[in-house]
Amino acid sequence: MRILVTGGAGFIGSHLVEKLLADGHHVAILDDFNDFYDPQIKCENVAAFREHAPIHHVDLRDNGAVRNLFHREKYETIFHLAARAGVRPSILQPQLYFDTNVNGTLHLLEAARTTGAERLIFASSSSVYGICKEVPFREDFHLTQTISPYAATKIGGEFLCSTYSHLYNLRVVALRYFTVYGPRQRPDLAIHQFTRKIDKGESIDQFGDGTTRRDYTYIDDIIQGTMAALKYDGPMFDVFNLGENETIQLKDLISAIEQSLGKKAKINRLPEQPGDVPLTCADISKARKLLGYNPATKLNEGLPKFVEWFREMHAKK
């Protein structure tokens, strides 16, 4: 199958490309290697397979470049993982997030429609649930309010996808990822950032009293669920949660990282951040039933694996 992975040089994308190649697909990558974090990290992510997956340096905001690529290459399936990520940066740059995540998704959908692509798998986010009072979060919740520009762009992307699916018979599967971690995790995310700073003896910022809870999902489990969406043949548009269905408090996460590193954290306690949700927790019963999703890595197993990768990477530098 001819597949395009947008954001294929990133954390989740590079793992997905590896799996698709291992399964025998013809895979290409679209990535703009922007400066949200060091582009060299993305270069390292794709180093092992760059000879097997052509990389197209395209910015999704450039409609002409996206259109030209699709007309030239003719993809059957698109995994759309590219996005400006992060809740807090989106509050500072809402226009950039809208232009990339909403307009960029529209450009991609138009290119897919006009070139006859058959399927698009959209990486959404648990942030679309906002401050939900009912736990765990289910896909059929009526969502009325997001609390960050990033979350708003993700629910906007879902609605665009559902519209194109309805109008143009494009099969779309939207996957709401719940805080993904593991080897190659972005350096700005909590587990990676905390690990790096604790290891160096630097202080870490803890926003709030440490009681916020997250549903952390190991990368291998996310890839298993994402790959399953490739064969899904239910409704033409559908949405699934991909999480672990377990939560951990921020202060307990810090303790777990301390234990894995064998070092104590210096904690800089700060007020809660606008846009941060107090809790994420996925109901994954739908994904289990219809995708065969079966998360297997608990945090007490996945965190030491991440720390091992972190140490190996820093030993090479």
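The values are calculated or read from the model by the stated rules, or taken from the named source; none is laboratory data. Everything numeric in this text was worked out from a predicted model, so none of it was measured. Cβ placement follows ideal geometry from the backbone for every residue including glycine, while neighbour counts extend to all protein chains displayed.
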Quiz item: Among the helices (runs of 4 or more DSSP H) contained in the stretch 81-134, which hold 1 or more residues that are out of contact with any helix residue (DSSP H, G or I) (no Cβ under 7 Å at 6 or more places or on another chain) and either touching a residue at least 24 places away in the same chain (Cβ under 8 Å) or more than 25 Å from Gly275 (Cα to Cα) (or both)?
Solution: 87-92, 104-114
Quiz item: Going by the conditions given, is Asp276 closer than 21 Å to Ser124 by Cα, touching a residue at least 40 places away in the same chain (Cβ under 8 Å) and in contact with a Lys or Arg (Cβ under 6 Å, 6 or more places away or on another chain)?
Solution: no
Practice problem: Give Val102, Val66, Val58, Val46 a once-over and let me know the one that is buried (at least 16 other Cβ atoms within 10 Å of the Cβ), farther than 22 Å from Lys154 by Cβ and modelled with pLDDT of 95 or more. | Solution: Val46
Exercise. Can you confirm whether the stretch 200-209 contains a residue that is surrounded by 15 or more Cβ atoms within 10 Å (Cβ to Cβ) and hydroxyl-bearing (Ser, Thr, Tyr)?
Key: no
Practice problem: Take the residues in the stretch 106-142 that are buried (at least 17 other Cβ atoms within 10 Å of the Cβ) and of a type in the set (Phe, Trp, Tyr), then tell me which one is nearest to Arg288 (Cα to Cα). | Solution: Phe137
Exercise. Look at the stretch 163-214 and say how many of its residues are of a type in the set (Phe, Trp, Tyr) and farther than 19 Å from Asn300 by Cα.
Key: 4
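Taking the stated definitions as given, is Arg72 free of Cβ contacts under 8 Å to residues at least 12 places away in the same chain, basic (Lys, Arg) and either in a helix (DSSP H, G or I) or on the phi < 0 side of the Ramachandran plot (or both)? Spell out the reasoning first.
Details: free of Cβ contacts under 8 Å to residues at least 12 places away in the same chain: yes; basic (Lys, Arg): yes; either in a helix (DSSP H, G or I) or on the phi < 0 side of the Ramachandran plot (or both): yes.
Spelling it out, Arg72 is indeed free of Cβ contacts under 8 Å to residues at least 12 places away in the same chain, basic (Lys, Arg) and either in a helix (DSSP H, G or I) or on the phi < 0 side of the Ramachandran plot (or both).
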Exercise. Check Glu258 against each of (1) within 20 Å of Pro183 (Cα to Cα); (2) surrounded by fewer than 12 Cβ atoms within 10 Å (Cβ to Cβ); (3) over 23 Å from the mean Cα position of the chain (by Cα) and name the one condition it does not meet.
Key: (2)
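Please determine whether any residue of the stretch 63-80 is under 19 Å from Ser127 (Cβ atoms) and either among the basic types (Lys, Arg) or within 16 Å of the chain's Cα centre (by Cα) (or both). Give the steps one after another, and end with the answer.
Step one: of the stretch 63-80, the residues under 19 Å from Ser127 (Cβ atoms) are 80.
In the following step, the residues that additionally are either among the basic types (Lys, Arg) or within 16 Å of the chain's Cα centre (by Cα) (or both) were identified as 80.
Yes, some residue in the stretch 63-80 is under 19 Å from Ser127 (Cβ atoms) and either among the basic types (Lys, Arg) or within 16 Å of the chain's Cα centre (by Cα) (or both).
Considering every residue within the stretch 34-49, establish whether at least one is β-branched (Val, Ile, Thr) and closer than 17 Å to Pro183 by Cβ.
Just the residues of the stretch 34-49 that are β-branched (Val, Ile, Thr), to begin with: 41, 46.
Restricting the remaining residues to those that are closer than 17 Å to Pro183 by Cβ gives 41, 46.
Yes - at least one qualifying residue is present in the stretch 34-49.
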Practice problem: Those residues that are under 21 Å from Leu60 (Cβ atoms) and either touching a Ser or Thr at 6+ places or on another chain (Cβ under 7 Å) or assigned to a helix (DSSP H, G or I) (or both), I need them from the stretch 1-30; list them, please. | Solution: Ile3, Gly8, Phe11, Ile12, Gly13, Ser14, His15, Leu16, Val17, Leu20, Leu30
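Any residue that is out of contact with any helix residue (DSSP H, G or I) (no Cβ under 8 Å at 6 or more places or on another chain), over 16 Å from Leu81 (Cβ atoms) and among the aromatic types (Phe, Trp, Tyr) - is there at least one of those in the stretch 158-165? Steps first, answer last, please.
Step one: filter the stretch 158-165 for residues out of contact with any helix residue (DSSP H, G or I) (no Cβ under 8 Å at 6 or more places or on another chain), giving 159, 162-163, 165.
Within this subset, residues satisfying the condition of being over 16 Å from Leu81 (Cβ atoms) are 159, 162-163, 165.
From what is left, the residues that are among the aromatic types (Phe, Trp, Tyr) are 159.
Taking every residue of the stretch 158-165 in turn, at least one turns out to be out of contact with any helix residue (DSSP H, G or I) (no Cβ under 8 Å at 6 or more places or on another chain), over 16 Å from Leu81 (Cβ atoms) and among the aromatic types (Phe, Trp, Tyr).
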